[in-house]
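Here the structure is laid out as structure tokens; the discussion comes afterwards.
Read-outs: derived from the displayed coordinates by stated rules, not from any lab. As the structure is a computational prediction, the values presented were derived from the model and not from experiment. For neighbour counting, all protein chains shown are included, and Cβ atoms are generated from backbone atoms with ideal geometry for every residue, glycine included.
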Amino acid sequence: MTALDGKKGLVVGVANEASIAAGCARAFRDAGAELALTYLNDRAKPHVLPVAEAVGAEILAPLDVQDDSAMETLFQRIRQTWGKLDFVLHSIAYCPRDDLHGRVTDCSREGFTTAMDISVHSLIRLARHAEPLMPEGGSLLTVSYYGAEKVVDHYNIMGPVKAALEATTRYLAAELGGAGIRVNALSPGPIRTRAASGIEHFDELIDEARERAPAHRLVTIEEVGDFAVHMVCDGARGVTGNVAYVDAGYHVMA
């Protein structure tokens, strides 16, 4: 048997084959899980479809997390197909470009609201829908970044947003722990994904991470996926409310 045999998991946030969520989906499948994947819209679907096919996803469904009816439809389909859910990976974040590239001081109300809704409150909505499908417990896993803890040049408003995501992780863990539902966050080092490409001077951030990390290298989406498997499997049943760094040790350096 492998770590996730018989487990049913929902992966939200696959953008393409090089995204963190894709690396996690492949690792989940290799560990024996059956998966449901989502895509934002018809324009995004062709980029997600190869990942869904590679992992043999039983469910591939559209999901704009700002559309409540789309989320309800997705979970209804999961309920009808599986009748339960064992884990959810939430790997989505967004901020309008002008607000992402500007100072926190200058962030617009609309930009802040959008970033918080898509990047943070969507985890709360997923948790609310997933809870009834986890009567025997389960695992919720989200994806953060070191900029939530320390100021990272050019990460700008996403730093406070990710800090809110990590705080939300802790509060959800406290509230859902009695039901046996664990909630944790992964904090990978910088990885060249489409989402990361929106950060200004990202190449400089990559170079600094490689130089300062004790391992003197970047991590891969495969390594993040391997650790994600551990975090949602029964072997981590005593772990909840944590932020787990997968960054070649970068976060320990002053």
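Each of MET71, MET253 was scored by other Cβ atoms within 10 Å of its Cβ. Listed from fewest to most, they are MET253, MET71.
Over the chain, DSSP H runs of length four or greater, each weighted -39,500 (n - 2.57), average out per residue to a 222 nm ellipticity of -12000 deg cm²/dmol. Under 29 Å of direct C-alpha separation, and excluding same-chain neighbours fewer than eight residues apart, LYS150 reaches these lysines: LYS162. Restricting the trypsin sites (Lys or Arg not before Pro) of region 67-105 to loop positions (DSSP other than H, G, I, E, B) with no more than 13 neighbouring Cβ atoms within 10 Å leaves ARG103.
Taking a straight Cα-Cα cut-off under 18 Å and skipping sequence neighbours fewer than 8 places away in the same chain, the aspartates and glutamates within cross-link reach of LYS45 are GLU17, GLU53, GLU58, ASP64, ASP67. Taking Cα atoms only, the orientation of helix 20-30 departs from the longest principal axis of the chain by about 30 degrees. Taking the longest Cα principal axis of the chain as reference, the axis of helix 158-176 is set at about 30 degrees. When only the Cβ of Lys, Arg, Asp and Glu is charged (+1, +1, -1, -1), the dipole of the chain relative to its Cα centre reaches about 420 debye. For the chain, the Stokes-Einstein estimate of translational diffusion at 25 °C and a viscosity of 0.890 mPa s comes to 135 µm²/s, using the Kirkwood hydrodynamic radius over alpha-carbon pairs. From the square roots a ≥ b ≥ c of the eigenvalues of the alpha-carbon gyration tensor of region 108-235, which class results: rounded (a/c under 1.5), prolate (a/b over b/c), or oblate? Verdict is oblate for region 108-235. All other residues with a Cβ under 12 Å from the Cβ of ASN156 taken together, and with Lys, Arg as +1 and Asp, Glu as -1, what is their net charge? Every neighbour counted, the sum reads -2. Relative to the longest principal axis of the Cα atoms of the chain, the long axis of helix 68-81 makes an angle of roughly 40 degrees.
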